[in-house]
Amino acid sequence: MGRTLRVVEYCARVYRRSWRGTLFVTFLSPVLFLGAMGFGLGGFVDRSDGLPGGVPYAAFLAPGLLAAQGMQTAAFESTYPIMGRIVWDRVYAAMLATPIGVRDIVLGQLAWIGFRLVLVTSVFFGVMVAFGLARSPIAVLGIGAATLTGLAFAAPIMAFTATQRNDQGFNAIFRFGITPLFLFSGTFFPVEQLPTLLQPIAWLTPTYHGVALARDLALGAATLPAALVHLAVLVGVTAAGLAAAFVTFRRALVV
Amino acid sequence: MPGRMSRGEPLPLVHARGLTKRFGAFTAVDAIDFDVARGEAFGFLGPNGAGKTSTMRMIGCVSPVTAGTLRVLGLDPATDGPRIRARLGVVPQQDSLDMELTVRENLVIYGRYFDLSRAEARRRADALLDFVQLLDRADSQVEPLSGGMKRRLTIARALINEPELLLLDEPTTGLDPQARHLLWDKLYRLKQEGVTLVLTTHYMDEAEQLCDRLVVMDKAKIVAEGSPRQLIERYVTREVLELRFPAGASVDLDGRLEGLAERVEQLPDRVLLYTDDGEAAVVAVHERGLRPESALVRRSTLEDVFLRLTGRTLVD
Ligand SMILES: Nc1ncnc2c1ncn2[C@@H]1O[C@H](COP(=O)(O)OP(=O)(O)OP(=O)(O)O)[C@@H](O)[C@H]1O
Ligand SMILES: [Mg+2]
């Protein structure tokens, strides 16, 4: 536990030198997306048939984007910086010459990404509230849903990163993984709009469950059984990713 | 002899029997035996790829032992890795400093890994920066430091936990002579304070200066062991005669130096004659009608031992 916290402390120390730059982007992204898609495009959507239940498009979109933000932040944080610490700067190798162990590194790094996710999604949620898009008193739990969505990506992607010797594989992750998931997992439109054949695929993705959970919470439509299913998927994927990361990190760092 | 185990003597700090490291089918360290006693400076010498770093990494408990016995500080790396590492200082062959942190932060965070309080880590960091003469660069980034400064910082970092055993893998490679002498001085002072040193090097003068005892490794095995003086006595003659011939002349030397010395070693640029009386050999060479461009008599060094044992010069 103590050693895991030292790894978190290391990450915080590095972050302290760069947080100002990232904070601005953290604010800007939700403002831009909610402004353009939520209200600009949303104006069109609401003028035609609108969404089931008469929910304004912006209110539908915002929690979806919240969860998607968790996914995207996690995907970035678990690729390039991790590769840097394994291969380029050999920071983890230096840690391993001390009492710190491989499990401490994996857990500490993931805990740090979790902390970053809470920060980023809290800012996003603040923007949602400012735009009047949090319609339920328990909407704030969406921060937890989005963070968990992020972790469900961070853990397996970290595991993948540790198998790579350079950053070429990351392009594929973003192009064929993160971008399609961002577009087709219910963030912008209900997955029921997808061709029937593709819908079951969407249900298998953590993004779908994260988006659905955050949206149900924000719109006050959450039911316990559905929420538990979403949670179970997100926690399950995170746990599996973590188990894989223990193995791949050990393979990459202990030879 | 220091470091030899016998009843009643304290356990060696490092104890290896049949120590083996394999990477897949390739054997990098092949069943080597050695002991390092407390307070000793112990060296690994060997050409590139001999298995020095692989051995050091096993001692540092960062690379699992494939076969054989290894005890470090009396403990088994396989089960007590973190406990052992808490008492080691490690200077890896390749610097692994953190480019995202300042010079001082590199030391402070390292101290935190060893569970020092923030205040204590900072106090030791400044004392060590002073020790390696980098205090004026404490708040600078690591990137712009020169190679020698980075090496000194790496050594300072290895000392943050006040280790009992310091592992140095080619500590001075790439440093200019002045920086090397500075480092030797620091290492010598640490040794005086009772820190046990285990180091690898390609520099004979470094080994002679720093090591009480050393082993020569070649092709994954230990081929000789002893103090620098013992090795010279055992493997080479007292003196060496170095002859240089005009370009092209060496081809027809074949056989003409026979019997002039105990051993003749022909290198690309010169010929070495191992003999106890160098001057007599010079005379004998001339008597045979040979006209070398230059003839130099010198005392034998570890370099000659190395050449004899591995068939290679040290820095290739
Ligand atoms: N991780 C690894 N995987 C495969 N082979 C390795 C690995 N590490 C080292 N080796 C091989 O083991 C052998 C010994 O390497 P090692 O680094 O121990 O040599 P060394 O004596 O330190 O050499 P140098 O003087 O060049 O540093 C080399 O042939 C090297 O290629
Ligand atoms: Mg080496």
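The values are calculated or read from the model by the stated rules, or taken from the named source; none is laboratory data. This one's a predicted model, so the numbers in the text were calculated from it and none came from an experiment. Heads up, the Cβs are rebuilt from the backbone with ideal geometry, glycines too, and the neighbour counts pull from every protein chain shown.
Structure above, values below:
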item	result
Single residue of A:134, A:172, A:159 found to be modelled with pLDDT of 90 or more, touching a helix residue (DSSP H, G or I) at 6+ places or on another chain (Cβ under 7 Å) and of a type in the set (A, V, I, L, M, F, W, C)	A:159
Every residue from the range B:113-124 that is within 29 Å of the chain's Cα centre (by Cα) and either within 13 Å of another protein chain (Cβ to nearest Cβ) or on the phi > 0 side of the Ramachandran plot (or both)	B:113, B:114
Positions within the range B:92-112 being within 22 Å of the chain's Cα centre (by Cα) and either within 9 Å of chain A (Cβ to nearest Cβ) or buried (at least 23 other Cβ atoms within 10 Å of the Cβ) (or both), in sequence order	B:92, B:94, B:95, B:96, B:97
Near pairs, Cβ below 8 angstrom, 6+ apart or cross-chain, from the range A:101-127 (within 15 Å of residue A:9 (Cβ to Cβ)) to any residue that is outside any helix (DSSP H, G or I)	A:113/A:78
Residues of the range A:8-21 satisfying the condition of being at pLDDT 80 or above and either more than 9 Å from chain B (Cβ to nearest Cβ) or in a helix (DSSP H, G or I) (or both)	A:8, A:9, A:10, A:11, A:12, A:13, A:14, A:15, A:16, A:19
Positions within the range A:171-182 being of a type in the set (A, V, I, L, M, F, W, C) and surrounded by 14 or more Cβ atoms within 10 Å (Cβ to Cβ), in sequence order	A:173, A:174, A:178, A:181, A:182
Among (1) over 24 Å from residue B:183 (Cα atoms); (2) within 16 Å of ligand 1 (Cβ to nearest atom), the one test that residue B:116 misses	(2)
Output for the range B:172-196, where each listed residue is closer than 15 Å to residue B:128 by Cβ and in a loop (DSSP other than H, G, I, E, B)	B:193, B:195
Hits in the range A:24-38 (condition: surrounded by fewer than 22 Cβ atoms within 10 Å (Cβ to Cβ) and in contact (Cβ under 8 Å) with a residue 24 or more places away in the chain)	A:26, A:27, A:29, A:31, A:33, A:37
Among residues of the range B:56-75, those that are more than 14 Å from chain A (Cβ to nearest Cβ) and surrounded by 15 or more Cβ atoms within 10 Å (Cβ to Cβ), counted	3
Enumerated strands (runs of 3 or more DSSP E) restricted to the range B:197-311, each holding at least 1 residues that are within 16 Å of ligand 1 (Cβ to nearest atom)	B:213-218, B:221-226
Out of A:34, A:5, sole residue that is under 22 Å from residue A:59 (Cα atoms), among the hydrophobic types (A, V, I, L, M, F, W, C) and either at pLDDT 80 or above or touching a helix residue (DSSP H, G or I) at 6+ places or on another chain (Cβ under 6 Å) (or both)	A:34
Complete set of residues in the range B:120-161 that are under 14 Å from residue B:105 (Cβ atoms), in a loop (DSSP other than H, G, I, E, B) and without any contact (Cβ under 8 Å) to a residue 40 or more places away in the chain	B:134, B:138, B:139, B:140
Odd one out for residue B:201, checked against (1) closer than 30 Å to residue B:30 by Cα; (2) surrounded by fewer than 17 Cβ atoms within 10 Å (Cβ to Cβ)	(2)
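For (1) of a type in the set (A, V, I, L, M); (2) within 16 Å of ligand 2 (Cβ to nearest atom); (3) closer than 25 Å to residue A:93 by Cα, each residue gets a yes or a no:
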| site | (1), (2), (3) |
| --- | --- |
| B:21 | no, yes, yes |
| B:24 | no, no, yes |
| B:33 | no, no, no |
| B:52 | no, yes, yes |
| B:57 | no, yes, yes |
